[in-house]
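Have a look at the structure below before the remarks.
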Amino acid sequence: MDQTWADTYAEALASFGGTPLGKELENELVEIFEQRPEAVRLAIDDIGNGYAAGRIRSPWGALRAELARQEARTKVVVSGNAERDKRIQQAEQYMRAAGLYLASEDEVRDDLFGDAGRLRAWKDDDELRERMVALWRSLQPAAARVEAEALERAENWKRGQAALQAPLVPGVPPIDWDAGRLRAYADSGSTMLVS
């Protein structure tokens with residue numbers, strides 16, 4: 001059903017208790033009505049109900065505000081970038097802390113973009129996939145250095161353990177204490193070795 005601004009205005013006057021409308025505001029409402037007539041009609045019904053219930057004192061101002069809110073809502077665009085950026089930042093932190101020890105580029109892709117990956121929602125983003133693999137590649141010298149240091153510490157530990165097993169004085173066999181004699185020596189307070 002086509003409805004003119006005059007008909008809509010007459011309905012609004014009836015809903016708003018006959019309160020007249022100023023020319024400037026009417027021009028604004030006519031422009032909005034030309035773009036979105038159904039939105040104007042629905043807003044008039046809602047505001048009329050609020051005016052009749054006593055919740056709204058200035059119905060024309062409330063109509064203007066409601067239509068402005070509706071207009072603002074139509075311009076909202078969801079980008080999803082905030083969540084994506086957060087996940088990428090977390091994945092980069094993971095790569096610097098632990099992911100650098102992954103064995104291959106395929107393992108990196110699977111770990112980040114596989115079925116249980118941190119970035120699985122963006123598995124089709126080739127640019128992001130390459131960015132994360134490039135980060136892994138750039139971290140490989142640090143991973144190799146850490147691994148070499150760990151191997152060196154392990155070798156030092158092995159040498160220390162071997163030194164502990166070696167006799168204190170070369171050519172003199174270590175004393176093989178049984179537990180009873182060792183406990184008796186410890187309890188005696190003696191500083192002399194007993195044989």
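Just so it is clear, none of the values below were taken in a lab; they were calculated from the coordinates. Just so you know, these numbers come straight off a predicted model, no measurement behind them. Cβ placement follows ideal geometry from the backbone for every residue including glycine, while neighbour counts extend to all protein chains displayed.
Sequence-distant contacts, meaning Cα pairs under 8 Å at least 6 residues apart, place the relative contact order of the chain at 11 percent.
The protection proxy used here, the mean number of other Cβ atoms lying within 10 Å of each residue, ranks peptides 163-170, 151-158, 123-130 as follows, highest first: 123-130, 151-158, 163-170. Whole-Hz Karplus values for the range 112-118 come out as 8, 10, x, 4, 10, x, 5 Hz, taken residue by residue from phi with 6.51 cos²θ - 1.76 cosθ + 1.60 and θ = phi - 60°; glycine and proline positions read x. Helix 37-52 versus the longest principal axis of the chain: what angle, 0 to 90°, nearest 10, using Cα atoms? On a 0 to 90 degree scale, this one is about 90.
Estimate the FRET efficiency between ALA142 and LEU164 by the formula 1/(1 + (r/R0)^6), using the beta-carbon distance for r and 30 Å for R0, to the nearest 0.05. Write down the numbers at each step before the final one.
Working: r = 33 Å, r/R0 = 1.10.
Computed FRET efficiency for ALA142 and LEU164 comes out at 0.35.
For a bin width of 5 Å, list the pair-distance distribution of the range 81-165 built from all Cα-Cα distances, rounded to whole %. Spelled out bin by bin, the range 81-165 gives 3, 14, 22, 19, 11, 8, 7, 6, 5, 3, 2, 1, 0 percent.
The helix-only estimate of mean residue ellipticity at 222 nm for the chain, built from DSSP H runs of length n ≥ 4 each weighted as -39500 (n - 2.57), is -22500 deg cm²/dmol after division by the residue total.
Spatially, the range 25-70 and the range 81-155 are offset by 54 Å when compared through their Cα centroids.
Shape summary: the chain maps onto an equivalent ellipsoid whose semi-axes, from the alpha-carbon gyration tensor, are 85, 26, 12 Å in decreasing order.
Treat every Asp and Glu Cβ in the range 47-162 as -1 and every Lys and Arg Cβ as +1, leave all other atoms uncharged, and give the resulting dipole magnitude about the Cα centre to the nearest 20 debye.
940 debye
Could you compute the net charge surrounding ARG109? Neighbours are other residues with a C-beta less than 13 Å from the C-beta of ARG109; K and R count +1, D and E count -1.
Details: positive: ARG118, ARG120, LYS123, ARG129, ARG131, ARG137; negative: GLU105, ASP106, GLU107, ASP110, ASP111, ASP115, ASP124, ASP125, ASP126, GLU130.
Result for the neighbourhood of ARG109: -4.
With no solvent and one point on each alpha carbon, what is the Debye value of log10 I(q)/I(0) for the range 5-74 at q = 0.17 Å⁻¹? Debye curve over Cα of the range 5-74, log10 I(q)/I(0) at q = 0.17 Å⁻¹: -0.53.
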